[in-house]
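Bear in mind these aren't lab numbers, they're just calculated from the coordinates by the rules spelled out. Computed from a predicted structure; not experimentally measured. Because the Cβ atoms are built from the backbone with ideal geometry, glycine has one as well, and the counts that use them run over all protein chains shown.
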C-alpha cells in the first residue's frame with residue numbers, strides 16, 4: 001500500500017499501526033463524525049491483572065445528533081491524565097524501554113488539552129518520532145466516502161480492530177496473564193524499543 005487513509009486514535013492499537021506502516025503516505029482523516037465506544041478515546045494496555053482499558057472522558061454531546069470529531073471536547077473536570085499516566089507507569093515501569101520514552105510521553109499527560117482531536121494528533125506525531133518512522137503525512141481537507149487510497153478508517157472501531165497479526169514479543173506480565181494481542185502501540189514500544197518499527201512492518 002503506497003497511500004493509506006487512516007483514522008486518528010488514542011495512541012492507536014498495534015494492529016492499526018501495523019497497517020499504517022505498510023504505507024509511504026498517510027492521509028489522516030480529520031473530517032469524520034465522532035462515534036462513542038471507539039478507539040478515538042479508548043486504548044488498552046497490559047496491566048498486572050490483565051487487559052486494562054484507558055478511556056478519555058468527553059463532554060456530553062447532547063441531543064443534536066452527530067458531532068464532528070474535531071469539535072469534541074475533553075471533560076477535564078476528571079483527573080483522567082493523572083490516572084492514565086499512573087496506570088501506564090504501573091504497567092510498564094519494569095519494561096526494558098520505559099525509561100527511554102518516559103519523559104516524552106509524560107509531557108502529553110501533564111499538558112492540558114481541551115480538544116480530543118488535538119490531544120490524539122499530538123500523540124500520533126510524537127509516536128511517529130519515537131518509532132523512528134518518517135512517512136509523508138497529510139490531513140484530509142474534506143470527508144470522502146470512497147477515497148481512491150486504501151481506506152483503513154474502520155480500524156477506529158473496536159469491533160473492526162485486527163488482533164490476529166503475525167507479531168509476537170515479550171510482555172511484562174506475560175508470565176502471569178499470558179500474551180495479550182493488539183494492545184496499544186505503547187505496549188510494543190515499551191517492550192521492544194527501537195525494534196518496534198521492524199516488528200510492525202513484519203506483522204502484516
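At a glance:
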quantity: Region 3-202: relative contact order as a whole-number percent, Cα under 8 Å and 6+ apart; calculated: 37 percent
quantity: Bridge type composition, the chain - antiparallel percent by DSSP, nearest 5; calculated: 50 percent
quantity: Per-residue [θ]222 nm for the chain (sum of -39500 (n - 2.57) over DSSP H runs n ≥ 4, rounded to 500); calculated: -9500 deg cm²/dmol
quantity: Ranked 180, 186, criterion: other C-beta atoms within 10 Å, fewest first; calculated: 180, 186
quantity: Per-residue Cβ neighbour rank within 10 angstrom, fewest leading, 100, 124, 78; calculated: 78, 100, 124
quantity: For 17, 133, order by how many other beta-carbon atoms lie within 10 Å, fewest first; calculated: 133, 17
quantity: Fraction of the pair-distance distribution of region 1-92 above 21 Å, Cα-Cα pairs, percent; calculated: 44 percent
quantity: More than 24 Å apart - percent of Cα-Cα pairs taken over the chain; calculated: 38 percent
